[in-house]
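What follows is calculated from the coordinates using simple rules that are stated; it is not laboratory data. Everything quoted here is computed from the prediction, not taken from an experiment. As a convention, Cβ positions derive from the backbone with ideal geometry for all residues, glycine included, and neighbour counts pool all protein chains shown.
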Amino acid sequence: MSVMTAGRSVTEAARSRTFGPLYSRNVRAVVARGLMATKSSNWMVMLSGFFEPVLYLISMGVGLGAIVGTVQGPGGTVISYAAYIAPALLAVSAMNGAVYDSTWNVFFKMNFAKLYQGMLYTSLGPLDVALGEILLALLRGLMYATGFTAVMGVMGLITTPWAVLMIPASVLIAFGFASFGMGITSFMKTFQQMDWINFVMLPMFLFSATFYPLSVYPTYIQWLIQAMPLWHGVELLREISVGSFSTATALHVLYYLVMIALGMILTTGRLRRLFLR
Amino acid sequence: MSGVSNDDSHDHSQRYVISATNLTKKYGDFTAVDDISFHVPAGESFGLLGPNGAGKSTTMRMIGGVSQRTSGSLSIMGLDPEQHGPEVRAHLGVVPQQDNLDEELKVRDNLLVYGRYFGLPMSYLKPRADELLEFAQLTDKAKAKVDALSGGMKRRLTIARSLINEPSILLLDEPTTGLDPQARHILWDRLFRLKEAGTTLILTTHYMDEAEQLCDRLIVVDKGRIMAEGSPASLIREYSTREVLELRFGSERNATVGAELEGIGERLETLPDRVLVYAHDGEAALEQVHARGLHPLTSLVRRSSLEDVFLRLTGRSLVD
């Protein structure tokens, strides 16, 4: 065993990076680990996440759209039904990807692979781990969003250069769901409890003005849906897709910023409770 | 218990790499670690011996700063692990009770990625990983998947991984539990080399032979408290006799025969399956047994072990 030099550099590395017991500014090690693991893992899972919204867009947008014809988009613009639901599907895919990565994936690593226990016995703090995992979820979300936006372009559903902003906006949506998802997952102990997540996600997907406007509902249902995060994502992307901005747009963004902040507080707190008892 | 005067905490941190004073950990009403104190100088191999649930792992977790103590003080290399978690862990190598290798990565990548968690550069990690694979006798498995390794190999890889940051202190939580005898001996050999290289070893175990092989000094823990402290030899000297005579009269008779053996050896211990006679000379004690007209089904004279120490201190055996 050769000696001291490396021991000293470890100490210095730790000292310069130490930021309380929670964070050691080494998120990139967690991200690098995730990328390396993805390289050897199943690419099919990733591809299916990309194709799901595309298939919805083709079946509902093109198929159902042939009957529906044109509808009124944000700001009164008249658009095709496919162009109406495409941004909504993008928001749903951002949500699904982020939730999958931050719930099922994290659940497995936490309870079965014991990955985080190993990580936290190194210089990493819980905040490094949480940020790293969330960043990975966002990277995947970014890939999906870029791919889906390209598909929209090919299908002729993009009419304004503003539409490119849907990509960063999708990442914002994904960040909101991922930061909360990880915190919520930390409460889960069994697979049965994990099913509750689907129980919340599916109705949110179907009813958040994804396929038809909110105005079809009675007022109190509208309020309920407007309190849910997905609706804000759907509306945000839909407004961006036609380049029609208003105060509502800013409010949707604000909703996600608050969600991210609360989610990060929840997740870090939970990781601390779980691993630094 | 430590045999060290509690004068000056600064002085302690100079001489000891680990210093625990009145360390206590409670989970609600349950006290896992109950007011224990111990001090470990650099380069020592220090053991925590006790049955499952004695508080060994909890103590290890507090040393690593991944469990917050309820009261008492703890200093690792002069630092409080609660305040300086990442910095303290930069000096530690941890081998947990259950292997938690990264199953999604290959063998060598496990070492590299783990080193990255410490913020170490790849230029250092690559040669270091190869060196450690050599040390763990896993060089030809470098590109294998982790789940293709045997239990002993996984354990060695976990130990190799714990050494990636050249730790001054290596924490080993039941390092050889579940391994076959050959794998255990390979592992002991590797640990012994580390000890020779000056690494401080802290290990928990409920195997007496392991403690006797590896520990310079140990504490016997039960129900969160320290029952005794010393070197394996001194503990045996203090709490047991040189030899032990094990007699089996059959499970029906062990208890009744116990009374008839009274006076032979220094002390008797009647267990459900056998009677233990503690004596300086086991053969002589056996002759006395025969002289009283008692004929056990089997008899065995052996050296005292830490198991006997534990039995004496707690009235029950280590592995229940």
Taking N as the number of residues in region B:241-303, what is its alpha-carbon radius of gyration divided by 2.2 N^0.38 Å?
0.95
What percentages, rounded to whole numbers, describe P(r) for chain A computed over all alpha carbon pairs with 10 Å bin width beginning at zero?
6, 27, 31, 20, 10, 3, 1, 0
Candidates A:Gly61, A:Gly76, A:Gly263, ranked by Gaussian network fluctuation over chain A, Cα under 10 Å, top entry
A:Gly76
Tally the DSSP beta bridges in region B:9-230 and give the antiparallel ones as a percent, rounded to 5.
55 percent
B:Ala228 long-range amide H proximity, modeled H, under 5 Å:
B:Val220
For chain A, with only Lys/Arg (+1) and Asp/Glu (-1) charged at the beta-carbon, what is the dipole magnitude about the Cα centre, in debye rounded to 20?
1160 debye
Rg and Dmax of chain B over Cα atoms: what are they, in angstrom?
22.4, 75
What is the list of residues in region B:76-120 whose amide nitrogen lies under 13 Å from a point 7 angstrom out from the Cα of A:Phe112, following Cα to Cβ?
B:103-104
Cα axis of helix A:4-17 to longest principal axis of chain A: angle in degrees, 0 to 90, nearest 10?
40 degrees
Mind pulling the angle between the C-alpha long axis of helix A:191-207 and the longest principal axis of chain A? Nearest 10 degrees, somewhere in 0 to 90.
30 degrees
Under the Karplus relation 6.51 cos²θ - 1.76 cosθ + 1.60, θ = phi - 60°, what is the ordered set of whole-Hz ³J(HN,Hα) values for region A:145-154, x standing for Gly and Pro?
5, 4, x, 5, 5, 4, 4, 4, x, 4
Among the DSSP beta bridges whose two residues both lie in the protein assembly as shown, what percent are antiparallel, rounded to the nearest 5?
70 percent
Which value in nm describes the separation of the simple spin-label points at B:Glu269 and B:Lys143, placed 7 Å from the Cα toward the beta carbon?
5.4 nm
Based on other C-beta atoms within 10 Å, arrange B:Leu179, A:Leu254 from fewest to most.
A:Leu254, B:Leu179
Taking the alpha-carbon centroid of each part, what is the distance from region A:71-104 to region B:141-160 in angstrom?
46 Å
In Hz, Karplus ³J(HN,Hα) per residue of region B:204-213 (6.51, -1.76, 1.60; θ = phi - 60°; x = Gly, Pro):
9, 6, 10, 9, 5, 5, 5, 4, 5, 5
With N set to the number of residues, divide the alpha-carbon radius of gyration of the protein assembly as shown by 2.2 N^0.38 Å and report two decimals.
1.25
Efficiency of FRET between A:Gln193 and A:Met228 - r from beta-carbon atoms, R0 25 angstrom, step 0.05
0.75
Tell me, what is the percent relative contact order of chain A, built from C-alpha pairs under 8 Å that lie six or more residues apart?
25 percent
Backbone HN-Hα couplings from phi across region B:263-280 [Karplus 6.51/-1.76/1.60, Hz, Gly and Pro as x]:
x, 8, x, 8, 7, 10, 10, 9, 9, x, 9, 6, 10, 9, 10, 8, 8, 5
Amide H contacts under 5 Å for B:Asn165, placed H, 5+ residues apart
none
FRET E, pair B:Leu313, A:Ala150, Förster distance 60 Å, beta-carbon r, rounded to 0.05:
0.25
